[in-house]
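Novice: Got a structure here, written out as structure tokens. Questions coming.
None of the figures in this text is laboratory data; all of them are computed from the coordinates on show. Values in this document were obtained by computation on a predicted structure and should not be read as measured data. Positions of Cβ are generated from backbone atoms using ideal geometry, with glycine treated the same way; all protein chains shown enter the neighbour counts.
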Amino acid sequence: MPAEQSQDDLEIYLRDHYAAAVGAIDLLKHLSKTHEDDALGPFFAKLQAEVEADHEQLHNLMSALGFEESSLRNAGAWMAEKLGRAKLGFSAGEDAGLRLLQSLESLYLGITGKRALWRALEAAREASPVLQKTDFQQLENRAAEQAERVESERLTAARTTFRAA
């Protein structure tokens with residue numbers, strides 16, 4: 001594969017992950033606000049800060065590689081998050097447990113995708129001096145820890161939501 005095509009593919013790949021994080025951050029902002037007065041508030045606030053830091057790390061990596069974020073992809077991710085929120089709903093009521101469970105599942109999938117991103121970049125690190133400067137193992141470990149925490153909350157939400165089934 002020509003080097004130019006590889007560079008284009010890497011740019012597309014990073015832009016897609018960057019845009020997905022835009023949607024995840026927006027969801028986390030909403031969940032942080034929705035749960036600011038209950039036990040999940042600190043959990044979502046901490047996760048939001050971590051995901052924002054990872055997003056900044058990806059932004060810095062893209063900048064170092066000479067890539068710009070895609071406004072179109074970011075807008076699409078933002079819109080997808082809004083459509084997902086409309087599907088899930090976020091008001092209190094009898095479906096609140098299911099909405100929380102589905103939101104946590106969405107976050108878990110996103111974090112798993114982020115972990116896959118860091119692993120892929122680690123595997124390709126020899127292709128670029130910029131990639132060689134990044135500690136992808138540390139980023140992957142952080143994503144794995146985030147996924148474990150989200151999974152714990154997801155299972156708690158599942159037990160609570162389906163206990164009377």
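Novice: Of the listed peptides 108-120, 14-26, 37-49, what is their order by residue-averaged count of other C-beta atoms within 10 Å, with the highest listed first? Mind dumping the intermediate values first?
Specialist: Working: 108-120: 18.7, 14-26: 20.7, 37-49: 15.3.
Per-residue mean Cβ counts within 10 Å order the peptides as 14-26, 108-120, 37-49.
Novice: Between Glu151 and Asn60, what length comes free when the chain is fully extended (0.36 nm per residue of separation minus the Cα-Cα distance, one decimal in nm)? If you can, show how the numbers build up before the last one.
Specialist: Numbers: separation 91, 0.36 × 91 = 32.76 nm, distance 2.83 nm.
Length gained, Glu151 through Asn60: 29.9 nm.
Novice: Could you give each residue of the stretch 24-40 its phi-based ³J(HN,Hα) in whole Hz, using Karplus coefficients 6.51, -1.76, 1.60 with θ = phi - 60°, and x for Gly or Pro?
Specialist: Those phi angles translate into 5, 5, 5, 4, 5, 4, 5, 5, 4, 5, 4, 10, 4, 9, 10, 4, 7 Hz.
Novice: Okay, moving on. Give me the distance in nm between label points sitting 7 Å out from Cα along the Cα-to-Cβ direction at Arg159 and Lys29, one decimal.
Specialist: According to this spin-label approximation, the distance is 3.3 nm.
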